[in-house]
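The values are calculated or read from the model by the stated rules, or taken from the named source; none is laboratory data. Note that this is a predicted model, so its numbers are computed, not measured. Here the Cβ positions follow ideal geometry from the backbone for every residue, glycine too, while neighbour counts run over all protein chains shown.
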Amino acid sequence: MRKLLLCSTFILLFIYVSLSAQSKTDFFKQLDKWKIPENSSHPRLYFDSHGAEQLYQQYHSDSPRILTFLSECDSILARPVPDYSDYNASRYVARNESEKLSFAFVITREKKYADYARKIISQMIQWSDWVYDEHKPRTVDLGVAGVGYILALCYDWLYPMLTPVERVNIEETLIRQALIPFHQVYSTKSEGWTHAEHNWRSVICGEIGVVALALLEKAPNVKENLNFAIDGVADVLSHGGIDGGWNEGVSYWGYGIGQAIMFVEAMNNISNGSVDLFKLPFLAATGNFGLYTRTPAGDSFNFSDCNAGPPRPWIMSLFASQFQNPYWQWSSQKDVGSTIQDILFYDPNFTSKKPDTLTLGKHFRGIQVATMRSNWEKDAIFVGLKTGQSTANHSHLDLNSFILHAYGKPLLIDQHVWPYAHYLGFFEFKDRRWDFEGNHTIAHNTLLIDGQGQGYGERFQGRIINFKSSPELQFAIGEADNAYGDLLNTFRRYITLIDNKFVVIVDDIKADNFRQLEWLMHYEGQVSENPEGIFQIINENARLDVQFLHPAKQDNRVICFEQHETTYKATRTSTTQFNRFVSIRPLHRQQNYRFVVVAIPYQEGEKPRYLSQIISESEKDIKLKISINGFSTILVFDIDSYSIIRLE
């Protein structure tokens, strides 16, 4: 069965990559045939004069989304223009404000927004070096692309308000600071990001592609730069998961996909569909990543260097309209706000549909991540399991880790990303990155072996070897023994959601030698252990009872309630981070062992009556009986066939 699973995965990957490679070749041909229009008017990137008129009409219809956006812009106008001459101190706020005010001018046609934006832009074009200090000695980085992208948007949106001198100054600055360095680096592949399969390449290529489109008639080597932009965007997106997953995590999906999509959309608009990167197979599937990794309460399964916020709603909106998917529209409606992209890409006239007919669980095979939920309501139980590669960009040493949310609250968690510390080795993946506990195994709901966490490298990886999603039984089985190098022969985590009411976890562990096995449980809220040996986690109205059947209270065991405090100087601030968890381990070292854990979520005041017990156990399987409020379920964890069977 294991060989069959591997073969199936490789076949799917081969088919997917083949389709993607053919698409990239097609895009190059499309670009070659496309004739660049002469003296095309502005705005043109995401809307033309007709689109600008529609935005103006929305403003006059008192659109709440636009009014909220404009109130933010008015708060900027309420104070004098700050001194933004220092690039490192001002780069983010100046970019943000100039973009907002330029878009506000399009919406309202009010000169006050344009005038203020022009004063900020006049300072931005004086920045002589756009490379972030922490990224030097590169000559092109996310800073170069980001500043260039924002200036291109402002140029496009403010064009009728700019004087001829201002236009020339912006054009020359963009060519000198962004387009020429990009062309030099990408044509020679002289910097590592030009070979990357992660957000750096998709973002830089996407944003510089937008710059080239803004200056079509003015820029040198425009077709070559667009060709490079297509190459980078298509290549990275074609290395996304075969079913739309993104191994950098949800918030980096929003960034890495998002800035690439801004180029895809602009390229499609300006070429009138002649160069249509929406035909990339990955893009037709990746909306499911946002749909399934969004937690019921509106956070996300925040593995890797990711915050817990929801998938970017404007991406879900854009994909919903582009691929006519009402389920993605349903998801976007829950989070859509008043950002520029929300205003541009959310179509309130496109009908949404609650995904009641879809499966409740999803296995993203390309990245080896699975999610399960009890329903599509806000108070649903949500479980996520993470395996995959330790070498994915922004990865943590977190294979076979899981989270559990219920009744609108996180209960067992993956910590928020710790602030980046470039000068302290935060991105030295072969060494100092793992000194930060937030990145290390000790900050995740998985195992420590002999006090050690998982390794980093190509051989330290995991996978999901079986997955099922049915109304009565959902499960994912993760295999991560390779993550611990030679310490383990077997580490299979069986995690199942039963009757959409409770969760059972069985960890099957085997080693050549006797090892200290430590089970980690990170929580949100408060935790305590009652006299019966049941851990209760309380997070406002939500409760979670966690019962260990192995090691049970009557067994020889060691329990620790831990809080580690780490203080360090991050790249832009000093910070103190906390790592709170409970660890539990058998008293003695074990060679073959099984952790057996039952987790029962409920709301305050609705504590269920339950009884959990191991009926039988052998080398081949383990049988559990779980009774909740008078209803009993028997589960068989079949070790030989990597499966979970429900008998009644």
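Is segment 117-128 home to any residue that is part of a loop (DSSP other than H, G, I, E, B), among the hydrophobic types (A, V, I, L, M, F, W, C), assigned by TED's automatic domain parsing to the domain that holds residue 51 and modelled with pLDDT of 95 or more? Talk me through it step by step, then tell me what you get.
Of the residues in segment 117-128, the ones part of a loop (DSSP other than H, G, I, E, B) are 125-128.
Okay, now just the ones that are also among the hydrophobic types (A, V, I, L, M, F, W, C), so 125, 127.
Narrowing the set further to residues that are assigned by TED's automatic domain parsing to the domain that holds residue 51 leaves 125, 127.
Adding the requirement that they be modelled with pLDDT of 95 or more leaves 125, 127.
Within segment 117-128 (the criterion being part of a loop (DSSP other than H, G, I, E, B), among the hydrophobic types (A, V, I, L, M, F, W, C), assigned by TED's automatic domain parsing to the domain that holds residue 51 and modelled with pLDDT of 95 or more), the answer is yes, since at least one residue qualifies.
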### Task
Answer yes if at least one residue in segment 215-228 is under 24 Å from residue 32 (Cα atoms), in the same structural domain as residue 81 (by TED's automatic domain parsing) and free of Cβ contacts under 8 Å to residues at least 12 places away in the same chain, and no otherwise.
no
### Query
So residue 350 fits all but one of (1) touching a residue at least 24 places away in the same chain (Cβ under 8 Å); (2) within 21 Å of the chain's Cα centre (by Cα); what number is the exception?
(2)
## Note on the structure
Note on segment 323-343: residues more than 21 Å from the chain's Cα centre (by Cα) and buried (at least 19 other Cβ atoms within 10 Å of the Cβ) are 343
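Looking only at residues in segment 517-557 that are among the charged types (D, E, K, R) and outside any strand (DSSP E or B), which one is nearest to the chain's Cα centre (by Cα)? Let's see the steps before the verdict.
Kept after step one, since they are among the charged types (D, E, K, R), are these residues of segment 517-557: 518, 524, 529, 532, 540, 543, 545, 553, 555, 557.
Adding the requirement that they be outside any strand (DSSP E or B) leaves 524, 532, 540, 553, 555.
Details: 524: 20, 532: 39, 540: 26, 553: 38, 555: 40 Å.
Taking the candidates together, the pick is 524.
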### Task
Kindly list, by first and then second residue, each pair from a residue in segment 396-408 that is under 14 Å from residue 447 (Cβ atoms) to a residue that is in a strand (DSSP E or B) and small (Gly, Ala, Ser), limited to pairs with Cβ atoms under 6 Å and residues at least 6 apart or on different chains.
400/478
### Selected residue [of a type in the set (A, V, I, L, M, F, W, C), in contact (Cβ under 8 Å) with a residue 12 or more places away in the chain and either assigned to a loop (DSSP other than H, G, I, E, B) or closer than 23 Å to residue 358 by Cβ (or both)] from 467, 514
467
### Task
Kindly establish whether residue 231 is surrounded by fewer than 24 Cβ atoms within 10 Å (Cβ to Cβ), closer than 22 Å to residue 392 by Cβ and modelled with pLDDT of 95 or more.
yes
### Selection from segment 600-631 of residues that are within 26 Å of residue 492 (Cα to Cα) and either of a type in the set (Gly, Ala, Ser) or not in a strand (DSSP E or B) (or both)
612, 616, 618, 619, 620, 627
### Condition met for residue 464 (touching a Leu at 6+ places or on another chain (Cβ under 6 Å), buried (at least 19 other Cβ atoms within 10 Å of the Cβ) and under 28 Å from residue 418 (Cα atoms))
no
### Query
Got a number for residues in segment 423-455 being assigned to a helix (DSSP H, G or I) and basic (Lys, Arg)?
2
### Which listed residue, of 62, 83, is modelled with pLDDT under 95, of a type in the set (D, E, K, R), more than 21 Å from residue 153 (Cα to Cα) and assigned to a loop (DSSP other than H, G, I, E, B)
62
### Residue list for segment 388-413, filter: part of a loop (DSSP other than H, G, I, E, B) and under 15 Å from residue 453 (Cβ atoms)
390, 395, 396, 397, 398, 399, 400
### Query
If you take the residues in segment 596-610 that are over 31 Å from the mean Cα position of the chain (by Cα) and not charged (D, E, K, R), which one is surrounded by the most Cβ atoms within 10 Å (Cβ to Cβ)?
610
### Task
Provide a single number: the residues in segment 249-283 that are part of a helix (DSSP H, G or I), out of contact with any helix residue (DSSP H, G or I) (no Cβ under 8 Å at 6 or more places or on another chain) and under 26 Å from residue 307 (Cα atoms).
1
### Message
As an exercise: evaluate residue 132 against (1) over 31 Å from the mean Cα position of the chain (by Cα); (2) closer than 23 Å to residue 208 by Cβ; (3) not basic (Lys, Arg) and give the number of the one condition it does not meet.
### Response
(1)
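The rows are residues; the columns are (1) surrounded by fewer than 16 Cβ atoms within 10 Å (Cβ to Cβ); (2) not assigned by TED's automatic domain parsing to the domain that holds residue 506.
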site: 531; (1), (2): yes, no
site: 557; (1), (2): no, no
site: 620; (1), (2): yes, yes
site: 624; (1), (2): no, yes
site: 630; (1), (2): yes, yes
site: 633; (1), (2): no, yes
## Note on the structure
Note on residue 244: of the conditions (1) within 20 Å of residue 292 (Cα to Cα); (2) surrounded by fewer than 24 Cβ atoms within 10 Å (Cβ to Cβ), unmet is (2)
### Query
How many residues does segment 542-574 hold that are within 30 Å of residue 296 (Cα to Cα) and not acidic (Asp, Glu)?
10
### Task
Could you figure out which of (1) part of a strand (DSSP E or B); (2) touching a residue at least 12 places away in the same chain (Cβ under 8 Å) isn't true of residue 576?
(2)
